[in-house]
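**Q** Below is the structure I would like to discuss, written out as structure tokens.
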Amino acid sequence: MKQTNRVYTGLPTTVFEVMSQLARAHDAINLGQGFPDVDGPEDIRRFAADAFITGPNQYPPMMGTPDLRQAVAAANRRFYDLDVDWRTEVLITSGATEALSDCMAALIAPGDEVVLIEPLYDCYLPLVLRAGATPRLVRVTPPDWGLDADALAAAFGPRTKAILLNNPMNPAAKVFSDDELALIADLAVAHDAYAICDEVYEHILFDGRHHTPLMTLPGMRDRTVRIGSAGKTFSLTGWKVGYVTAAPSVLEPITKAHQFTTFTTPPALQQAVAYGLAKDDRYYRGLADDLEAKRDRLAGGLVDIGFDVVPCAGTYFLTVDTAVLGLGSDDVVVCERLTREAGVTPVPVSAFYQSDAPGRFIRFCFSKQDDVLDGAISRLARWLAKRPGG
Ligand code: PMP
Ligand code: GLN
């Protein structure tokens, strides 16, 4: 047989699936793959259920239902004071993943360079490579995850087509500072590059922080693609409803990629997400407050039993330094051992780096019920106590 495409041939299964399978096999508490263990608001789910029954259930408009595109434009205005034309500047996709894939297919050509900041969400690198582009990697590392201005500047050059930015950042739980955003914007403008912004955690920031879309910075409105996800904003990750905001000339080719990728997304889900986006401030505050309390619950419990916890400013992930436990510096082995021996599954942070990853760090997802988090802490405490010297 002829060779299949090299980008995907031999590529390992994504760490999230691997760790979830391992968790099931060992009946472990799964704090690996990032998903809430309670479904999002019942009224949104009921809205979808009614919409499935009353219909229509046929292809909606290719760019998304007018109701949802209007709701996305309204949310841009409400949260970020962005003036967005819902007819020409909003596209609905089957999750943020499809949006990212459409962006790469439409904006990036063979020979281009794309600047990426490690740690990388799993699909970024394959999408860049599949587009025929060369990734230019800059890294941030725990515990402070600071962005080195010189390293970032050095990654930009005449062939830079785009920077792909994830803010707030998975798995780092980093929220880029105003200075870092200004630096990124300056470089994008200076090199006439697009900014593809994965902002799926835009409503999950802690300690009074507010999200600043890169799109709102000077010179960025017309070169930025802003991507959101109902999966994160409404704790409905299985729905796979994403939304893209971009200037008409940038969105137009992305829409062309979308038309031959999924073409549309289930209309009932779109209508329910439109309803959800209009929820009052209490909902959005409640989402962040609830997760902030869970962050504190898990972080506090882990610190109490001897783990070194890295600060977490947003998302629903907590990075933990395992050095103090003397488990060695292979985070994959640490995650497997914790799953098998302690009955708690994290994911290795090294999976988010292309190579030479910092080895001691693991990620726990805390969008879980309190008793699940407490149960995980108890299991880890019991396991630690049983170890020699524990
Ligand atoms: N980007 C990041 C950083 C994510 O963490 C996730 C989700 N898990 C996605 C994109 C994918 O979002 P969706 O499920 O809407 O495709
Ligand atoms: N985004 C989720 C995470 O980081 C997982 C999504 C997936 O499994 N594709 O864990």
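**Q** Counting just the Cα atoms, what span does the range 1-140 cover along each of its three principal axes? Round to the nearest Å and put the largest first.
**A** Principal extents (Cα only, largest first): 47, 45, 40 Å.
**Q** Then there is this: Can you tell me the convex hull volume per residue for the range 68-180, based on C-alpha atoms, in Å³ to the nearest whole number?
**A** With only Cα atoms used, the range 68-180 gives 128 Å³ per residue.
**Q** Can I ask one more? Report the chymotrypsin sites (Phe, Trp or Tyr not before Pro) located in the range 1-77 that are in a DSSP loop and have at most 10 other Cβ atoms inside 10 Å of their Cβ, or state none.
**A** Passing both the DSSP loop test and the Cβ count: 8.
**Q** Follow-up question, since we're still on this one. What FRET efficiency comes out for the pair residue 256/residue 386, r = Cβ-Cβ distance, R0 = 56 Å, nearest 0.05?
**A** Computed FRET efficiency for residue 256 and residue 386 comes out at 0.45.
**Q** Would you list which lysines come within 27 Å of residue 386, measuring only between C-alpha atoms, while excluding same-chain residues fewer than 8 positions from it?
**A** Straight-line reach from residue 386, under 27 Å: 294, 368.
**Q** For the range 244-390, with every protein chain kept in place, what is the accessible area per residue (1.4 Å probe, Å²)?
**A** Per-residue accessible area for the range 244-390 comes out at 40 Å².
**Q** Report Rg(Cα)/(2.2 N^0.38 Å) for the range 318-390, keeping two decimals.
**A** 1.10
**Q** So, one more: How much of the accessible area of the chain, in percent, comes from carbon and sulfur atoms when a 1.4 Å probe is used?
**A** Accessible surface attributable to carbon and sulfur in the chain totals 51 percent.
**Q** Identify which of 186, 356, 102 has the largest mean-square fluctuation in a Gaussian network model of the chain, with springs joining Cα atoms closer than 10 Å.
**A** Of the options given, 356 has the highest mean-square fluctuation.
**Q** Okay, moving on. With unit charges on the beta carbon (Lys/Arg positive, Asp/Glu negative), name the residue among 13, 63, 3 whose Cα is farthest towards the positive pole of the charge dipole of the range 1-89.
**A** Of the candidates, 3 comes out farthest on the positive side.
**Q** Could you work out the Rg to Rh ratio of the chain, with Rh taken as the Kirkwood radius (inverse of the mean 1/r over all Cα pairs)?
**A** The Rg/Rh ratio comes out at 0.96.
**Q** What is the distance in Å between the Cα centres of the range 77-119 and the range 345-377?
**A** Using only Cα atoms to place each centre, the spacing works out to 27 Å.
**Q** By how many nm would the segment from residue 88 to residue 24 lengthen if fully extended, with 0.36 nm per residue of separation less the alpha-carbon distance?
**A** 18.6 nm
**Q** Can you give the alpha-carbon Rg of the range 226-300 over 2.2 N^0.38 Å, where N counts its residues?
**A** After normalising by residue count via 2.2 N^0.38 Å, the value is 1.38.
**Q** Once you place label points 7 Å from the Cα toward the Cβ at residue 282 and residue 304, how far apart are they in nm?
**A** Spacing of the two 7 Å Cα→Cβ label points: 3.1 nm.
**Q** Moving on. If you take every DSSP beta bridge whose two residues both sit in the chain, what share of them, in percent to the nearest 5, is antiparallel?
**A** Given both bridge residues lie in the chain, the antiparallel proportion sits at roughly 50 percent.
The values are calculated or read from the model by the stated rules, or taken from the named source; none is laboratory data. Keep in mind that what you see is a predicted model, and the values were worked out from it rather than measured. FYI the Cβ positions are ideal-geometry reconstructions off the backbone, even for glycines, and counts take in every protein chain you see. For the accessible areas, the whole protein counts, side chains as well, though only heavy atoms, and no ligand, DNA or RNA atoms are used. Shrake-Rupley method; radii C 1.70, N 1.55, O 1.52, S 1.80 Å.
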